[in-house]
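Reading through the structure tokens given below for one structure.
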Amino acid sequence: MTDTVATAGRRSGVEIFGHPRGLVTLFFTEMWERLSYYGMRALLVLFMTDQVMNGGMGLDDASATAIYGIYTAAVYLVALPGGWIADRLIGAQRSVFYGGIIIMSGHFVLAIPSVHTFFIGLLLVVLGTGLLKPNVSAVVGELYAPGDPRRDGGFSIFYMGINVGAMLGPLVCGSLAQNQNFGWHWGFAAAGVGMLFGVVQFHMTKSYLGSAGLEPASSGDANADKVSRRRGWRLVALCMAILGVVVIMGLSGAISFDPQAISRAATWIIVLVTAAFFVSLFAVGHLTPSEKKRITVFIALFLGSAMFWSGFEQAGSSLNLFADRYTRLELGWITLYSTWFQSINSIFIILFAPVFAYLWVWLAQRNLNPSTPFKFGIGLVLLAVGFLMMMFASAIVAGGKQAMPTWLILTYLFHTFGELALSPVGLSATTKLAPKRYVGQLMGIWFVSIALGNLIAGQIAGEFDPDNLAAFPGQYLDIVLTTAGTGLILLLLTRPLKKLMGGAD
């Protein structure tokens, strides 16, 4: 019997609303995971900078935002080994399940009021996210057979699950964490409960996934696969042993960690390693002239991506602190929690993603579809407009008044527009520009650009001195000029970059 939609064994055969039933399983798994992640992320910097007497850690802003940057960067970097473990050792389905358990454990460890458990909890969340995040998307793809016209629609539905979870997380966890009757650790515990729901529903409904992502990739040679997996487990054991030694030495005080120094060092290491990768690719990668041109475009997009995320990821650090300290939260009979502002981006994504999707189609029908470099340039300019709102808001604060919430709402609105212009085309552009034999490596490098942006974001946030409010408008102006300048350069180079792409847009 012929099945043009999917082959037997790839999925269970059960459908809902015209899509595989397994999509519902993955929708809610990702929704709960994002709820836990963004719920905890909304608390992180505020908890670290809060006074010890209030249950916080009492860190200065520079250290707290550096830790935040390292953490968010690590989440993207560990997606690379997480994907490798799924492909080589345990399969995507098991990676999602075990990753969810590790994430849940990390959040519950964060709920324990101790400095030592705080860093252990962060580490567990990072490791678990590295297993779950890349592989849950991979399983979504495997629900559909090659050429299935429903695939794009399935990913759009899945993407909604991400944003629903990201919207609910700060609202739920923030309401508990900033409520005087509860406290920070209740918020962290709520994130753990959210991930618990995700793990339970995944386990109870995983049968609907069929064989999608159930087993690791096979070379066709059982003996060779067995040897490869044995070596892979040895490598994993070695890495975990080294990580365990570092953690024990850190907790015992044998070695000390300077978050700001680590952030700066990690930034330079990523820059140098990435530069070395591109140099070696051009030198010994046996690229054709057209491939070299496309890699040149990819490098320009890599730099634009890192610049964009270094500004966009101020949301959880400097903008989060601005909401908490300098924004008017009491509006008549309504009192807002500062963590709630972290949900605004996801709300705008849900509202405007269909609008942008329709806009690109509408422009394409009139032969006006903007190229990838143009979209990147527009994304950066929109990011700059958002920070222009912050420049005005900080000028009000420097004058001794509190800023109205509308300034942050406008900032997040323009940042969301920038994200919708730039982010969705990034991975797509990578697959188009990369030579077939280097697609996996360049996909990894793309995630490195986001990690690099997160590291830089933490360092930029640390430059805002709460004892020097008069400097805030000038600092935001610097961000406006830098991001807008980068965007304008990309816009000016759109035509030559598009020519270098050789029709790969």
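The residues in region 143-190 that are without any contact (Cβ under 8 Å) to a residue 40 or more places away in the chain and among the aromatic types (Phe, Trp, Tyr) can be counted, and the count is 2. Of all residues in region 222-265, exactly one satisfies the criterion of being acidic (Asp, Glu) and assigned to a helix (DSSP H, G or I), namely 225.
Would region 273-294 turn up any residue that is within 26 Å of residue 387 (Cα to Cα) and surrounded by fewer than 16 Cβ atoms within 10 Å (Cβ to Cβ)? Within region 273-294 (the criterion being within 26 Å of residue 387 (Cα to Cα) and surrounded by fewer than 16 Cβ atoms within 10 Å (Cβ to Cβ)), the answer is no, since none of the residues qualifies.
Any residue that is polar (S, T, N, Q) and in contact with a Lys or Arg (Cβ under 7 Å, 6 or more places away or on another chain) - is there at least one of those in region 398-406? Looking for residues that are polar (S, T, N, Q) and in contact with a Lys or Arg (Cβ under 7 Å, 6 or more places away or on another chain), one finds at least one in region 398-406, hence yes. Taking region 316-345 as the range and being of a type in the set (Ser, Thr, Tyr) and within 15 Å of residue 174 (Cβ to Cβ) as the test, the residues that pass are 327, 335, 337, 338, 339, 343. Taken together, the residues in region 115-129 that are over 13 Å from residue 34 (Cα atoms) and either surrounded by 24 or more Cβ atoms within 10 Å (Cβ to Cβ) or not β-branched (Val, Ile, Thr) (or both) amount to 8. The selection criterion, being more than 26 Å from residue 458 (Cβ to Cβ) and in contact (Cβ under 8 Å) with a residue 24 or more places away in the chain, holds for residue 217. When 175, 207, 219 are checked against the criterion of being of a type in the set (Gly, Ala, Ser), surrounded by fewer than 20 Cβ atoms within 10 Å (Cβ to Cβ) and in a loop (DSSP other than H, G, I, E, B), 219 stands alone in meeting it.
Only one of the listed residues (496, 473) is in contact (Cβ under 8 Å) with a residue 40 or more places away in the chain and over 25 Å from the mean Cα position of the chain (by Cα). That residue is 473.
Considering region 66-109, the residues that are in a helix (DSSP H, G or I) and touching an Asp or Glu at 6+ places or on another chain (Cβ under 7 Å) include one that is surrounded by the fewest Cβ atoms within 10 Å (Cβ to Cβ), namely 72. Scan region 241-257 and give yes if some residue there is β-branched (Val, Ile, Thr) and in contact (Cβ under 8 Å) with a residue 24 or more places away in the chain, otherwise no. Yes - at least one qualifying residue is present in region 241-257. Of all residues in region 443-485, those satisfying the criterion of being hydroxyl-bearing (Ser, Thr, Tyr), buried (at least 22 other Cβ atoms within 10 Å of the Cβ) and closer than 19 Å to residue 390 by Cβ are 476, 483. Picking from residues in region 149-172 that are more than 21 Å from residue 23 (Cα to Cα) and aliphatic (A, V, I, L, M), the one that is surrounded by the fewest Cβ atoms within 10 Å (Cβ to Cβ) is 171. In the condition set (1) within 30 Å of residue 448 (Cβ to Cβ); (2) at pLDDT 90 or above; (3) surrounded by fewer than 19 Cβ atoms within 10 Å (Cβ to Cβ), residue 112 is compliant with all but (1). Of all residues in region 110-144, those that are part of a helix (DSSP H, G or I) and within 29 Å of residue 211 (Cβ to Cβ) total 16.
Can you spot a residue in region 413-429 that is more than 17 Å from the chain's Cα centre (by Cα), assigned by TED's automatic domain parsing to the domain that holds residue 372 and farther than 23 Å from residue 374 by Cα? Within region 413-429 (the criterion being more than 17 Å from the chain's Cα centre (by Cα), assigned by TED's automatic domain parsing to the domain that holds residue 372 and farther than 23 Å from residue 374 by Cα), the answer is no, since none of the residues qualifies. Checked against (1) under 24 Å from residue 488 (Cα atoms); (2) more than 24 Å from the chain's Cα centre (by Cα), residue 374 passes all but a single condition, namely (2).
The values are calculated or read from the model by the stated rules, or taken from the named source; none is laboratory data. None of the values given here were measured: they were computed from a predicted structure. Positions of Cβ are backbone-derived with ideal geometry, glycine not excepted, and every protein chain shown enters the neighbour counts.
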